[in-house]
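Peer 1: Below is a structure I'd like to ask you about.
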């Protein structure tokens, strides 16, 4: 297994998505194509250019922090399973 | 009242003067909706009784002298913008019945102004794409040619005359390309002008809430209502300048339009001809044309995709089947996550999540992500430099005519179609798609791009009559 295929397998595991073996084979091919497609960007001479992290150059002004009413009841309604103030998941401890 | 031929201003005036009630207007819209939507697949859900109830409430306010600026105006809302009254599918079959506990800030502002949401429009798999071909409910058909995709369902809703405007999202260009493919007008505003609160985005850095309408005049009226600071979106700006009045087209002798020659080399000759003609027409009207160089379009597109995929892998992490959506069947936690996420994320969303995670992993982070962030900066600098030579830029909106519904294509073909839109998204500048001409009886749109907060100029220039816009089509 080459490095790209190993990396792909690890990525699938990390993000916890069920992928069939045929889909994984297809993703391997596609990832290689995608990385080849990105090559012109890798060749750009970025020199001393800094990284851009935000979609704008404005300076953030922080607002005062005030306590507000909790939205727990609304969030509870949107959850598949919710009880006693907690989201319910399968037990991991006996 | 025929919505296709009526401006928002005229329709509001008619409602306020009692020539038509908001109820009648919405009732008529819903009837049109059921007839015109058949076969086009524009809507994921239609408001029906809820919309009529809202219209009734607006009529009551109107009787009491309420002066709502969008009284009774029907709007279609893309299904990645949360709206508490209708399900918000986000482009996933697992969310078809999901009722969001919040309503998007932009939708709230429209409703406060008297607009009535008539339905939620179709979108690609988790909103990722510019064709609707990956939508779990199937693609939206182009109203101009039934064998082609519309690109964006909101644009199709406007082009068919179902509604007077649509609220959409745009990251890499879905809204702008849809407007081009359907022959309508689409504005992606400056970063920070419109709140993104309640927009489910796969790509936080580039997703914006945009407006699609039949005319620039209609967009201007709506943009005024949507613009401004919202404490729930820390990146919003205070916007003091009103945009509603755009009737004064900028003095041609004072305006220079940038023509990036290299950009048009990517187009097929028949498409290039449309833009050459538009450029010549601008020149004939007295606008100065400056040939400029945008040398990083392709690399900017690639940087966009590195960042967008990485952000998607992070944003999709919340879709675990525990807090909302459907829970996958399993008594084992790890398997439950895997099943839930496989059900929620379609093929394209899975691909982007997985590739994004790969690009972020050790060894790849510096090579791809850091480089993409630097190219992002360079693209922004390139656009800023361009505006030292011109006031506005003209660019194509789409690289090709809308896709045939049965066309075979690869995911990279689809990514490459964002060539002219994604770099503009990186720049953070506003872009307006307007009809520029036709090829094979299909509309072709042009992007007008301006410096930050130049929407008023863009809309004024965009309102020029090309003679090919949908208003001149029967």
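Peer 1: For B:256, B:212, which order do you get if you count the other beta carbons within 10 Å of each Cβ and list the fewest first?
Peer 2: B:256, B:212
Peer 1: Among B:369-382, B:129-142, how do they line up from the highest to the lowest mean number of other beta-carbon atoms within 10 Å?
Peer 2: Ranked from most to least packed, the peptides come out as B:129-142, B:369-382.
Peer 1: Give me the tail of P(r) for region A:1-43 as a percent: Cα-Cα pairs with distance above 11 Å.
Peer 2: 68 percent
Peer 1: Roughly how crowded by other chains is peptide B:355-361, in terms of the mean Cβ count from those chains within 10 Å of each of its Cβ atoms?
Peer 2: Values: counts 7, 2, 9, 13, 6, 2, 5.
The mean count of partner-chain Cβ atoms within 10 Å per residue comes to 6.
Peer 1: What order do you get for B:339, B:9, B:202 when you list them from fewest to most C-beta neighbours inside 10 Å? Provide the component values of the computation, followed by the final result.
Peer 2: Working: B:339 20, B:9 15, B:202 28.
Going from least to most buried by this count: B:9, B:339, B:202.
Peer 1: Write down, largest first, the equivalent ellipsoid semi-axes of region B:181-242 in whole Å, where each equals the square root of 5 times an eigenvalue of the alpha-carbon gyration tensor.
Peer 2: 21, 16, 8
Peer 1: Tell me, B:420, A:54, B:411 in order of fewest to most beta-carbon neighbours within 10 Å? Could the numbers behind the result be given before it?
Peer 2: Details: B:420 28, A:54 13, B:411 18.
Starting with the residue having the fewest Cβ neighbours, the order is A:54, B:411, B:420.
Peer 1: Pull out a ≥ b ≥ c, the square roots of the eigenvalues of the alpha-carbon gyration tensor of the protein assembly as shown, then state rounded if a/c is under 1.5, prolate if not and a/b is larger than b/c, and oblate in the remaining case.
Peer 2: In terms of gyration-tensor shape, oblate.
Peer 1: Across peptide B:373-382, what mean number of C-beta atoms from other chains lies inside 10 Å of a residue's C-beta?
Peer 2: 5
Peer 1: Please work out whether region B:288-336 counts as rounded, prolate or oblate from its C-alpha gyration tensor, where a ≥ b ≥ c are the square roots of the eigenvalues and a/c under 1.5 means rounded, while otherwise a/b larger than b/c means prolate and anything else oblate?
Peer 2: prolate
Peer 1: Something else: Residues of B:95-102, mean number of Cβ from any other protein chain within 10 Å of their own Cβ, rounded to a whole number?
Peer 2: The per-residue average across the peptide is 2.
Peer 1: Nearest 5 percent is fine: what portion of the DSSP beta bridges confined to the protein assembly as shown is antiparallel?
Peer 2: For the protein assembly as shown, the DSSP antiparallel bridge percentage is about 70.
Peer 1: While we're looking at this one, here's another question. Does region B:343-394 come out rounded, prolate or oblate, given a ≥ b ≥ c as the square roots of the eigenvalues of its C-alpha gyration tensor, rounded meaning a/c under 1.5 and, failing that, prolate meaning a/b above b/c? Walk me through the numbers on the way to the answer.
Peer 2: Values: a/c = 6.75, a/b = 1.87, b/c = 3.60.
The shape class here is oblate.
Peer 1: Which order do the peptides B:120-127, B:397-404, B:456-463 take when ranked by the mean count of other beta-carbon atoms within 10 Å per residue, highest first? Provide the component values of the computation, followed by the final result.
Peer 2: Details: B:120-127: 28.0, B:397-404: 21.5, B:456-463: 23.1.
Those peptides, ordered most packed to least, come out B:120-127, B:456-463, B:397-404.
Readers should treat all values here as calculations from the given coordinates under stated rules, not as data from a laboratory. Note that this is a predicted model, so its numbers are computed, not measured. With ideal geometry, Cβ positions are generated from the backbone for all residues, glycine too; neighbour counts draw on all protein chains shown.
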